Every structure is written in structure tokens, then in C-alpha cells.
């Protein structure tokens with residue numbers, strides 16, 4: 001891959017993260033425990049979909065093969081998506097949803113902060129917009145985690161279980177592959193090694209405020225960045241792509 | 001699981017700098033901080049404001065509807081309290 005193609009592939013991956021998380025959260029529309037939280041969640045979900053559109057249209061432009069943002073979202077196959085495994089995990093109960101959000105947004109916020117300084121102007125612009133949205137997302141999820149962890153015995157126990165369960169999907173965030181390395185050396189992008197330390201400190205602070213325990217390292221799952229997904233992903237994109245695949249080119 | 005309902009909060013929005021906060025509606029929330037988040041997500045999604053107040057509905061002291069006659073009717077026949085007896089000169093726009 002040329003370094004130009006690497007930037008395109010990296011942008012696409014950012015889009016995949018945003019789209020898959022957005023799609024997961026949209027499953028909670030009309031299925032949240034409280035009306036207010038339902039609205040909040042839908043707001044945040046649409047922020048991610050909006051970010052995915054920006055990444056995808058930029059990636060499509062760079063690629064120059066006449067594909068549109070919609071083609072990238074709806075006409076690629078399972079193994080072509082390179083999102084983090086954490087994001088495709090089912091919503092589970094409210095604690096699972098919130099823990100997933102905290103773990104990812106803490107990472108994403110650092111990633112965006114680094115992309116703001118990268119030497120690709122367009123990507124930096126998208127990052128600037130996304131960073132504002134994600135700052136609020138993280139704040140919202142953090143507050144919930146503190147309330148669940150430091151809430152009742154039941155909410156504390158469940159939040160801890162969610163954390164223990166989802167922890168295994170955090171390792172791959174910081175395993176640098178060819179694209180991560182290229183972003184760092186050629187485009188002044190995120191330094192994953194540096195980010196890992198900052199991420200740990202940030203997550204540890206939230207987890208301790210929530211009176212929860214950081215899980216032991218344990219074994220980590222990986223594969224998302226290579227397109228090897230968990231069994232949940234097929235169902236997610238089947239639902240997401242069903243309409244455009246059943247009625248190609250349909251508009252309304 | 002407890003069936004306890006979240007308390008109700010009244011939401012006030014300042015639409016632009018310089019204007020006062022106006023009542024926009026209400027939200028349920030588990031505590032003050034989350035009430036602000038919920039108000040943001042419920043009432044400012046379309047750039048409705050630049051500042052938010054929330055206050056627990058049960059903290060608002062309200063007048064009693066049964067007393068409205070005593071409170072408000074006496075003002076009705078005091079038309080001299082309205083500045084309606086001035087002739088406005090032509091050409092004055094902002095009065």
C-alpha cells in the first residue's frame with residue numbers, strides 16, 4: 001500500500017468505528033429504560049452516524065473509484081469492516097452499554113486529539129468537529145458509570161460485571177498495525193503507545209470514582225482491525241444492510 | 001428493582017446572550033447533574049439555546065389557582081397602569 005492508500009484505509013477504519021457504534025446505539029431507540037435517556041442515546045448515536053458519513057465520504061473521495069459513502073456503509077461485506085470488536089458487542093443491559101461507551105470514548109477522545117494535530121488537513125477538520133461531540137458523550141457516559149458503580153449493590157455488581165466482561169476487547173485498541181504505524185510516521189497521527197498510558201490513567205480515574213475495580217489484564221481479544229469479527233457482527237450488518245441490499249438504489 | 005420514579009425538573013433556556021431564561025418544559029432525572037444533561041438532550045437539539053437552568057419542580061413556590069381572583073382580578077380595572085393614553089408622534093419607531 002502506498003502511504004496515500006494507507007491514509008484512505010485509516011479513514012475508512014475511523015468510519016467503521018463510528019458507524020458500527022452508531023448502529024448499535026440506534027438499536028436502543030424506543031428501547032431505553034427512560035424517555036430522557038432514550039433521547040440522549042439517540043442524539044449521541046446520530047452524532048456517530050454523522051461522523052461516519054464524514055469519514056466515509058472523505059475515504060470515498062480519496063479512493064476515487066466512484067463509490068459513495070452509502071456504498072461503503074451498505075455494500076461492503078463483513079470482513080471488509082475494520083471496526084474495533086468492542087463496538088460490535090451487543091448492548092446487553094444498561095451497564096454494558098455505558099461501560100462500552102466509557103471504554104471507547106476515552107480512547108476515541110485521545111485519538112481525535114492526536115488527529116487534530118495530524119498533517120492531513122481534512123482529517124484534522126473532521127476530528128475537530130467529532131472531538132466536540134465526543135467530549136459530551138464521554139461526560140454523559142462517565143456520569144452514568146459513577147451513578148451505576150456508586151449506586152445500589154445491584155447496579156454496582158452489574159457494572160463491575162460489564163467492566164470485567166468488556167475489558168478483553170480493549171487490548172486491540174493499542175496494538176499498532178501497519179496503518180497505525182503509517183499514520184504515526186507519515187502523517188503525525190496518534191502514537192498508540194503514548195495513548196495507552198493516558199487511556200489507562202483516564203479509565204482508572206473514572207473507574208475508581210465509580211467505586212469499581214479495574215479488571216486484571218487477562219487475555220485480550222483481537223481481529224477487528226483485520227476484519228475478523230465476533231459472531232455478533234454478522235447480525236448487526238445484516239440488519240443494517242438489509243434495506244439497501246433488498247431494494248438496490250431505493251430512495252424515499 | 002425499586003419502582004421509584006425520577007423526580008421532575010423544570011427547564012429554562014436562554015436563547016441568546018442578553019435575553020432572559022424562559023421556561024421550556026420539564027424532564028425527569030435521577031439528580032441535578034443528570035437533569036442538566038437530559039435538558040440539553042431534550043430541549044437544545046436544534047440550537048435552541050446558549051444557557052440552561054434546571055430546578056426541581058417541587059422547589060418552585062407557585063401561586064394557588066384558588067386565589068387567583070384575589071391576586072390578579074384587582075389589576076383588571078386599573079387601565080391607567082397601562083401606557084395607553086399617550087399620543088405617539090409620527091416617526092418614532094422604537095417606543
Could you please find all residues in the range B:1-44 being in contact (Cβ under 8 Å) with a residue 12 or more places away in the chain, in a loop (DSSP other than H, G, I, E, B) and either more than 19 Å from the chain's Cα centre (by Cα) or at the interface with chain A (Cβ under 8 Å from one of its Cβ atoms) (or both)?
B:5, B:6, B:29, B:30
Take the residues in the range A:18-40 that are out of contact with any helix residue (DSSP H, G or I) (no Cβ under 6 Å at 6 or more places or on another chain) and under 23 Å from residue A:132 (Cβ atoms), then tell me which one is surrounded by the fewest Cβ atoms within 10 Å (Cβ to Cβ).
A:38
Can you work out which of the residues in the range B:60-83 that are within 22 Å of residue B:22 (Cβ to Cβ) and in a loop (DSSP other than H, G, I, E, B) is farthest from the other protein chains (Cβ to nearest Cβ)?
B:63
From the residues in the range A:138-166 that are touching a residue at least 60 places away in the same chain (Cβ under 8 Å) and closer than 16 Å to residue A:199 by Cα, which one is nearest to the other protein chains (Cβ to nearest Cβ)?
A:142
Quickly run through the range A:125-137 and pick out the residues that are touching a helix residue (DSSP H, G or I) at 6+ places or on another chain (Cβ under 6 Å) and more than 14 Å from every other protein chain (Cβ to nearest Cβ).
A:126, A:127, A:130, A:131, A:134
Looking only at the range A:2-47, and only at residues there that are within 14 Å of chain B (Cβ to nearest Cβ), farther than 24 Å from residue A:238 by Cα and outside any helix (DSSP H, G or I), the one that is modelled with the lowest pLDDT
A:33
Yes or no: the range B:45-59 includes at least one residue that is closer than 21 Å to residue A:32 by Cβ and facing another protein chain (nearest Cβ under 10 Å).
yes
Residue A:8 fails exactly one of (1) touching a helix residue (DSSP H, G or I) at 6+ places or on another chain (Cβ under 7 Å); (2) under 29 Å from residue A:204 (Cβ atoms), namely (2)
Determine which member of the set A:50, A:66 is surrounded by fewer than 21 Cβ atoms within 10 Å (Cβ to Cβ), within 14 Å of another protein chain (Cβ to nearest Cβ) and touching a helix residue (DSSP H, G or I) at 6+ places or on another chain (Cβ under 9 Å).
A:50
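Here is a yes/no grid of residues against (1) touching a helix residue (DSSP H, G or I) at 6+ places or on another chain (Cβ under 8 Å); (2) modelled with pLDDT under 95; (3) over 30 Å from residue A:121 (Cβ atoms):
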site	(1), (2), (3)
A:159	yes, no, yes
A:182	yes, no, no
A:231	no, no, yes
A:241	yes, no, yes
Can you name the condition, by its number, that residue A:132 falls short on among (1) crowded, with 18+ Cβ neighbours inside 10 Å; (2) under 18 Å from the mean Cα position of the chain (by Cα)?
(1)
Hey, among the residues in the range A:114-124 that are in a helix (DSSP H, G or I) and surrounded by fewer than 16 Cβ atoms within 10 Å (Cβ to Cβ), which one's nearest to the other protein chains (Cβ to nearest Cβ)?
A:122
Filtering the range A:184-238 down to residues that are within 20 Å of residue A:85 (Cα to Cα) and more than 18 Å from the chain's Cα centre (by Cα) yields A:193, A:214, A:215, A:216, A:217, A:218, A:219, A:238
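The values are calculated or read from the model by the stated rules, or taken from the named source; none is laboratory data. No experiment lies behind these values; they were computed from the predicted model shown. Using ideal geometry, Cβ is built from the backbone for each residue, glycine included, and neighbour counts are taken over all protein chains shown.
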